[in-house]
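Colleague: I have a structure I would like to understand better, so I am pasting it below and will then ask my questions one at a time.
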């Protein structure tokens, strides 16, 4: 490869890397950074998705619609965290003893929901779970589903 070809190849790599860094930096700012709670949310989501996929494979009930639903759910989680982060940016300083209350609450709420889903997957596959936890998860899901159904019927 001649020198001019090498320089063009290097320029393309630098351009690609610069664009990727700018895009990922923008996403990081939009989400409020990649701190430990957000990393835990991503890990719980991946565990939920992989456990659900594993259960579907084991029971031979793979559904591409449910797979797309899971990916869409993750994208909506990102939108929810970004919206909460924008709320925190807009109200910076209104609550002086909290750093990012809306974003932190949203990430923790979504992480708890994912933990519940992971627990259901594990319990369904025979992992011993405390009965009080399973009953509370079922009660939580029932209340959430009935509240969601009431809200949809009002619209």
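FYI, it's all coordinate maths here, none of it is from the lab. Treat the numbers as computed from the prediction; the structure is a model and nothing was measured. Here the Cβ is made from the backbone with ideal geometry for all residues, glycine too, and neighbour counts use every protein chain on show.
Colleague: Assuming 0.890 mPa s and 25 °C, estimate D for region 25-73 with Stokes-Einstein, Rh taken as the Kirkwood radius over Cα pairs, in µm²/s. Write down the numbers at each step before the final one.
Modeller: Values: Rh = 12.4 Å.
The diffusion coefficient I find is 199 µm²/s.
Colleague: Of 59, 121, 69, which has the largest mean-square fluctuation in a 10 Å C-alpha GNM of the chain?
Modeller: Top of the fluctuation ranking is 59.
Colleague: Okay, next question. Rounded to the nearest 10 degrees, what's the angle between the helix 3-31 long axis and the longest principal axis of the chain, both from Cα atoms, 0 to 90?
Modeller: So the helix axis and the longest Cα principal axis differ by about 30 degrees.
Colleague: According to a simple spin-label model (label point 7 Å from Cα along Cα-to-Cβ), what is the distance in nm between residue 131 and residue 62?
Modeller: Inter-label distance under the simple model: 3.8 nm.
Colleague: Turning to a different aspect of this structure: Using a 10 angstrom cutoff on alpha carbons, build the Gaussian network for the chain and name the most mobile of 117, 18, 63.
Modeller: Looking only at 117, 18, 63, the biggest GNM fluctuation is shown by 18.
Colleague: Under 19 Å from the 7 Å Cα→Cβ point of residue 53, by amide nitrogen: which residues of region 99-119?
Modeller: Only 114-115, 117-119 fall inside the zone, counting backbone N under 19 Å.
Colleague: Return one number: the angle in degrees, 0 to 90 and rounded to the nearest 10, between the long axis of the Cα atoms of helix 64-90 and the longest principal axis of the Cα atoms of the chain.
Modeller: Computed tilt is about 70 degrees.
Colleague: What does the convex hull of the alpha-carbon atoms of region 1-51 project to on average, in nm²? Write out the running numbers ahead of the final one.
Modeller: Details: hull surface 22.1 nm².
Computed as one quarter of the Cα hull surface, the answer is 5.5 nm².
Colleague: At residue 112 and residue 18, where each label point lies 7 Å from the Cα along Cα→Cβ, what is the point-to-point distance in nanometres?
Modeller: Label at residue 112, label at residue 18, 4.6 nm between them.
Colleague: Simple spin-label model, 7 Å along Cα-to-Cβ: residue 124 to residue 139 in nm?
Modeller: According to this spin-label approximation, the distance is 2.2 nm.
Colleague: In addition: What 222 nm value per residue comes from the helices of the chain, counting each DSSP H run with n ≥ 4 as -39,500 (n - 2.57) and dividing by all residues, nearest 500 deg cm²/dmol?
Modeller: Values: 5 runs with 127 residues, N = 155.
Calculated at 222 nm, the ellipticity per residue is -29000 deg cm²/dmol.
Colleague: With springs only between Cα atoms under 10 Å apart, run a GNM on the chain and tell me which of 31, 72, 116 wobbles the most.
Modeller: Looking only at 31, 72, 116, the largest GNM fluctuation is found for 72.
Colleague: Then there's this: Which order results if 45, 115 are arranged by neighbouring Cβ count within 10 Å, fewest first?
Modeller: Values: 45 20, 115 16.
Ordered from fewest to most neighbouring Cβ atoms within 10 Å, 45, 115 come out as 115, 45.
Colleague: Something else about it: In the set (i) 2, 9, 16, 19, 19, 12, 6, 4, 4, 3, 3, 2, 1, 0; (ii) 2, 8, 11, 13, 16, 14, 12, 8, 6, 5, 3, 2, 1, 1, 0; (iii) 2, 10, 20, 23, 20, 14, 7, 4, 1, which value of P(r) over Cα pairs in 5 Å bins from 0, in percent was calculated from the structure you see?
Modeller: (ii)
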